Amino acid sequence: MEKDIDFPISRRGLFAVGAAATAGAAVSSADAQTAPAAPAPVAGAGGTTVRVMLTVNDQPRTLDVDTRTTLLDALRENLRLTGTKKGCDHGQCGACTVLLDGRRVNACLTLAVMHQGAQVTTIEGLGAPGRLHPLQAAFVKHDGYQCGYCTPGQICSAVGALAELKAGVPSHVSADLTAQPLLSAEELRERMSGNICRCGAYSNIADAIAETAGVRA
């Protein structure tokens, strides 16, 4: 016959020890859940510098920029071409429009390192006092500005829009996507709709672009 085992702890003490152990485990689990996780290591937290070669306004330029630098900041901060304006910095106002390989882009939405070897034209490259671009002259003639902050982007965008029309690129209002789009006031207004003028000089801007394009606004 088996003998009773003599435990050195009472039944009541055993329950007390078990309850304490369970409570301790619950506290440890809660601490593990509420304690902030250790931050994952970030590679290159200080930024990585890359050499970028561009042709800006027909001049070869070499820049050493952080990989996070937008084309807008590279033009303004590195090259001191401050004609290109920083408006919303979200691609919604068009103040930063430049011509990139002949096509208009919002410079705040693209990184400089993405355009190695590209051709960039800013408002400074379109014309200068004494040799204005036809659109610049038309903006002056028709008073297509008030504060002037959006004007560089408006002009660069208009140059790009007229090039699109000439190349046969359709817009949202083009009736036939396979035909040459009409050079009309409606087309020009649609293509310039991404450029905001907070002063509300839209009618004068439309007149300036229409005259340059050879249509009635």
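The values are calculated or read from the model by the stated rules, or taken from the named source; none is laboratory data. Note that this is a predicted model, so its numbers are computed, not measured. For neighbour counting, all protein chains shown are included, and Cβ atoms are generated from backbone atoms with ideal geometry for every residue, glycine included. Heads up: the accessible areas ignore ligands, DNA and RNA and are worked out on the full protein's heavy atoms, side chains in. Shrake-Rupley method; radii C 1.70, N 1.55, O 1.52, S 1.80 Å.
(1) outside any loop (DSSP other than H, G, I, E, B); (2) closer than 20 Å to Asn195 by Cβ; (3) not aromatic (Phe, Trp, Tyr): which one isn't true of Lys86, the others all being true?
All conditions pass for Lys86, except number (1).
Could we say that Asn195 is in contact (Cβ under 8 Å) with a residue 24 or more places away in the chain and either crowded, with 21+ Cβ neighbours inside 10 Å or of a type in the set (Val, Ile, Thr) (or both) here?
Working: in contact (Cβ under 8 Å) with a residue 24 or more places away in the chain: yes; either crowded, with 21+ Cβ neighbours inside 10 Å or of a type in the set (Val, Ile, Thr) (or both): yes.
Spelling it out, Asn195 is indeed in contact (Cβ under 8 Å) with a residue 24 or more places away in the chain and either crowded, with 21+ Cβ neighbours inside 10 Å or of a type in the set (Val, Ile, Thr) (or both).
Can you tell me which residues in region 167-192 are of a type in the set (S, T, N, Q) and open to solvent by less than 80 Å² (accessible area, probe 1.4 Å)?
Keep residues of region 167-192 that are of a type in the set (S, T, N, Q), which gives 171, 174, 178, 180, 184.
Ser171, Ser174, Ser184 - these are the residues of region 167-192 that are of a type in the set (S, T, N, Q) and open to solvent by less than 80 Å² (accessible area, probe 1.4 Å).
I'd like to know if region 135-154 contains one or more residues that are open to solvent by 10 Å² or more (accessible area, probe 1.4 Å), more than 22 Å from the chain's Cα centre (by Cα) and of a type in the set (Val, Ile, Thr). Let's see the steps before the verdict.
Initially, region 135-154 is screened for residues open to solvent by 10 Å² or more (accessible area, probe 1.4 Å), giving 136-137, 140-143, 145-152.
Checking which are more than 22 Å from the chain's Cα centre (by Cα) leaves us with 136-137, 140-143, 145-147.
So of that shortlist, the ones also of a type in the set (Val, Ile, Thr) come out as 140.
Yes, region 135-154 contains a residue that is open to solvent by 10 Å² or more (accessible area, probe 1.4 Å), more than 22 Å from the chain's Cα centre (by Cα) and of a type in the set (Val, Ile, Thr).
Quick check on my filter: what residues within region 105-134 are without any contact (Cβ under 8 Å) to a residue 60 or more places away in the chain and more than 11 Å from the chain's Cα centre (by Cα)?
Result: Met114, Ile123, Leu126, Gly127, Ala128, Pro129, Gly130, Arg131, Leu132, His133.
Go through (1) over 18 Å from Lys85 (Cβ atoms); (2) assigned to a helix (DSSP H, G or I) and name the single condition Gln180 misses.
(2) is the only condition that Gln180 fails.
Rundown of residues vs (1) in contact with a helix residue (DSSP H, G or I) (Cβ under 9 Å, 6 or more places away or on another chain); (2) outside any helix (DSSP H, G or I); (3) under 18 Å from Cys96 (Cα atoms), yes/no style:
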| position | (1), (2), (3) |
| --- | --- |
| Leu135 | yes, no, yes |
| Ala138 | yes, no, no |
| Tyr145 | yes, yes, yes |
| Tyr149 | no, yes, yes |
| Pro152 | yes, no, yes |
| Cys156 | yes, no, yes |
| Ala161 | yes, no, yes |
| Glu164 | yes, no, no |
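So, in region 92-108, how many residues would count as being closer than 18 Å to Arg68 by Cα and open to solvent by less than 10 Å² (accessible area, probe 1.4 Å)? Reasoning before the result, please.
The first filter runs over region 92-108 and keeps only residues closer than 18 Å to Arg68 by Cα, leaving 96, 105-108.
In the following step, the residues that additionally are open to solvent by less than 10 Å² (accessible area, probe 1.4 Å) were identified as 96, 107.
Number satisfying all stated conditions: 2.
Cβ-Cβ below 6 Å, separation at least six or inter-chain, first residue in region 48-60 and open to solvent by less than 30 Å² (accessible area, probe 1.4 Å), second of a type in the set (A, V, I, L, M, F, W, C) and modelled with pLDDT of 95 or more: which pairs?
Final answer for the pair search is Val52/Leu63; Val52/Val65; Val52/Ala112; Val52/Val113; Leu54/Ala118; Leu54/Val120; Val56/Val120.
Would you pick out the residues in region 170-211 that are β-branched (Val, Ile, Thr) and modelled with pLDDT of 95 or more? Lay out the reasoning, then the answer.
Quick first cut of region 170-211, residues β-branched (Val, Ile, Thr) only: 173, 178, 196, 205, 209.
Matches in region 170-211: Ile196, Ile205, Ile209.
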